Amino acid sequence: MIEMNDVHKTYTNGVTALNGITITIEQGEFVYIVGPSGAGKSTFIRLIYREAQSSQGTITINDMNVNNLKEKHVPWLRRSVGVIFQDFKLLPKLTVYENIAFALEVIEESPQNIRKRVMDVLELVGLKNKARFIPDELSGGEQQRVSIARAIVNRPKIVIADEPTGNLDPETSWEIMQVFEEINARGTTVLMATHSREIVNAKKKRVIAIEDGLIVRDEHRGEYGYEI
């Protein structure tokens, strides 16, 4: 599903974010990416959906060699990788329904399929009754649910979440985690970069710890392992 072999990433300003990452993540796994701020977590996940390119090494996603992918083929990669951000990144003037439908319209899905799939994911995230609302009319937790629905409406094989509970209160964070667990239970690989010790320690999943651009720990049913 995801393979990295001796991956390095140095930015044009000379900062080295990753310094030799080798890892395999299988289909259907749920993986936490943890580590101090500036450790390389965000770079690690940005490489997976080709928001950034490695300086050295090979990355294979769903049998695609990401390093050799031409720019015109990057959208094909991103159809199989759903991405969820801490700040939601919703289109403010579009309704909940329109925000999610947009992800299908850009790939020219039929209107009939769009309606069915949007309503299916809204039901999954518990927002079927908010389809006509705009983002400003929703709570932070509801907006994050919309961003999750948008990320999974294409039925991606991989979902990447970058600090998805960072701006949410604890109760809402647990509700969002239940949604991620449901997505994972349906066979989708979930990678989540997080600073939440409580969530990682309570939900015993695989934990990959990155420090100074290196994987320093890789544990199944692991713990957070850092003081915060």
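The values are calculated or read from the model by the stated rules, or taken from the named source; none is laboratory data. The shown structure was predicted, so the numbers you read here are calculated from the model rather than taken from an experiment. Cβ coordinates were reconstructed from backbone atoms using ideal geometry, including for glycine residues, and neighbour counts include every protein chain displayed. Side chains are part of the model used for accessible areas, which takes the heavy atoms of the whole protein and leaves out ligands, DNA and RNA. Shrake-Rupley method; radii C 1.70, N 1.55, O 1.52, S 1.80 Å.
Data for the structure
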| read-out | value |
| --- | --- |
| Count - residues of segment 61-89 that are closer than 20 Å to V106 by Cβ, open to solvent by less than 60 Å² (accessible area, probe 1.4 Å) and free of Cβ contacts under 8 Å to residues at least 24 places away in the same chain | 2 |
| Top-ranked residue in segment 1-15 [being open to solvent by 70 Å² or more (accessible area, probe 1.4 Å) and not charged (D, E, K, R); ranked as nearest to G28 (Cα to Cα)] | N5 |
| Residues located in segment 102-114, provided they are in contact (Cβ under 8 Å) with a residue 12 or more places away in the chain and either surrounded by fewer than 17 Cβ atoms within 10 Å (Cβ to Cβ) or touching a Lys or Arg at 6+ places or on another chain (Cβ under 9 Å) (or both) | F102, A103, L104, I107 |
| Unique residue being assigned to a loop (DSSP other than H, G, I, E, B) and among the small types (G, A, S) when the list is G20, G57, G82, G14 | G14 |
| Among (1) among the β-branched types (V, I, T); (2) closer than 22 Å to K41 by Cα; (3) in contact with a Leu (Cβ under 9 Å, 6 or more places away or on another chain), the one test that V96 misses | (2) |
| Test: S37 is farther than 19 Å from A151 by Cα, in contact with a Ser or Thr (Cβ under 7 Å, 6 or more places away or on another chain) and open to solvent by 30 Å² or more (accessible area, probe 1.4 Å) | no |
